[in-house]
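The next block holds one structure in the form of structure tokens; read it before the comments.
The values are calculated or read from the model by the stated rules, or taken from the named source; none is laboratory data. Note that this is a predicted model, so its numbers are computed, not measured. We place every Cβ from the backbone using ideal geometry, glycine too, and count neighbours over all the protein chains shown. Keep in mind that these areas ignore ligands, DNA and RNA; they rest on the heavy atoms of the full protein, side chains included. Shrake-Rupley method; radii C 1.70, N 1.55, O 1.52, S 1.80 Å.
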Amino acid sequence: MATIKDIAEKAGVSSATVSRVLNYDASLSVADETKKKIFEVAEELSYRKTSSKRYVDQKVAVVHWYTEKEELNDLYYLSIRLGIEKRCKEIGMKPEVYFFNNIKDIKAAEIEGIIAVGKFSEQQVKELTTINPMVVFVDYSPNEDKYDSIVIDFEKATKKIIDFFLSTDHRKIGFIGGRELLKGQTEPIEDLREKTYKSYMWENGLFDERFVYVGSFSVEDGYNLMKQAIEDLGENLPTAFFMSSDVMAIGSLRALHEANITIPDRVSIIGINDMTVSKYMYPSLSTIRVYTEVMGETAVDTLLERLEGRKIAKKILVSTKLIIRDSVKK
């Protein structure tokens, strides 16, 4: 495993700066470019390569639904993009990265296809397929009968977390999650983690609406929602929380520390994603490992299949794994 010192040396910054960036220290004043460099180096040092060489010098457009600034607050998508870029490099293909607000810059005649990372509205899907009909979606499946997609089974991942908590004698299990909006829409996308949490807790006779807090997928909302839960619930605060992303878990850990609530003795925490930074948290974060680099690799390979003649759409589910660290009682 790469150490903070390894990351600091490769990124050209101090170990203290790396530690504070990876822990999303709100008091740290550092340029976004420095943060980006640290996050990318951390991902690179934990990435395992495969080898292959094909499609030399051909281009693929990688379109991210976030802006570059927003991407820094959600390393899940950053990691997928880096996986795409590294796989392209292995086969000699040239990835050209765009964010949706600048897709007009894509030169349609020069690209073989598009890999679209994130959530896209019906209108955005139409815009992308007008540029090039060879589109692979990652982390979203707008129409599995028409378009290739690479997604995670969040229903199964959610049940893994709840089952672990139940097996370790937790009965008051809270949920802190986020919702996302497609461009031009006012109603959020249904989040499968939240939906599954509610239904599965009902099945086990344990659902309590008071234990559910929902905002956006950010460190700030993770912090604010946990702080609100502490204030609202007092001694009735759940003994365990399922956080629907690691970035929210990072903020929640800070709120618990500030309130002098011990982790995991009083509250256990499990997130989703297993971002590279998760192992550097204090305490280290238990989480569902989402193989984001594999999602990126698979998106490239799926596009290559299309280029080689496959006509039938594929929806590929990438597996997950529960990683137990110090933020839960074992």
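Overview of results
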{"item": "Nonlocal amide H pairs with I316, under 5 Å, H built at 1.01 Å", "result": "S149, I150, V151"}
{"item": "Among beta bridges that DSSP assigns inside the chain, antiparallel share in %, nearest 5", "result": "10 percent"}
{"item": "Residue (of F120, Q58, V219) at the positive-pole extreme of the chain, dipole from beta-carbon charges", "result": "Q58"}
{"item": "Between 0 and 90°, nearest 10: helix 122-131 axis offset from the chain longest Cα axis", "result": "30 degrees"}
{"item": "Lys, Arg +1 and Asp, Glu -1 on Cβ, resulting dipole of the chain about Cα centre, debye, nearest 20", "result": "780 debye"}
{"item": "Length added when fully stretched, D301-Y98, from 0.36 nm per residue minus Cα-Cα", "result": "71.1 nm"}
{"item": "The chain - mean residue ellipticity at 222 nm from DSSP helices (-39,500 (n - 2.57) per run, n ≥ 4, rounded to 500)", "result": "-12500 deg cm²/dmol"}
{"item": "1.4 Å probe accessible area per residue over the chain, in Å²", "result": "45 Å²"}
{"item": "Rough spin-label spacing in nm, given labels placed 7 Å along Cα→Cβ, for N236 and S29", "result": "4.3 nm"}
{"item": "Distant-in-sequence amide H partners of G113 (H built 1.01 Å from N, under 5 Å)", "result": "A61"}
{"item": "On Cα atoms only, tilt of 154-167 relative to the major axis of the chain in degrees", "result": "20 degrees"}
{"item": "Under-5 Å amide H pairs with F99, H placed in peptide plane, nonlocal only", "result": "H64"}
{"item": "Distance-filtered residues of region 138-166 - backbone nitrogen under 14 Å, label point 7 angstrom along L317 Cα→Cβ", "result": "150-160"}
{"item": "0 to 90° range, to nearest 10: angle between helix 292-307 axis and the chain longest Cα axis", "result": "20 degrees"}
{"item": "Using a Förster distance of 30 Å, the FRET efficiency for A16-D105 (Cβ separation, nearest 0.05)", "result": "0.20"}
{"item": "Summed side-chain charge close to A11 - residues other than A11 whose Cβ falls under 12 Å, Lys, Arg +1, Asp, Glu -1", "result": "-1"}
{"item": "From phi via Karplus (6.51, -1.76, 1.60), per-residue ³J(HN,Hα) for region 137-153 in Hz, x at Gly/Pro", "result": "9, 10, 6, 6, 10, x, 6, 5, 7, 10, 10, 5, 8, 10, 9, 10, 7"}
{"item": "Surface share of carbon and sulfur [accessible, 1.4 angstrom probe, percent] for region 201-314", "result": "48 percent"}
{"item": "Relative contact order for region 217-330, counting Cα pairs under 8 Å that sit 6 or more residues apart, in percent", "result": "26 percent"}
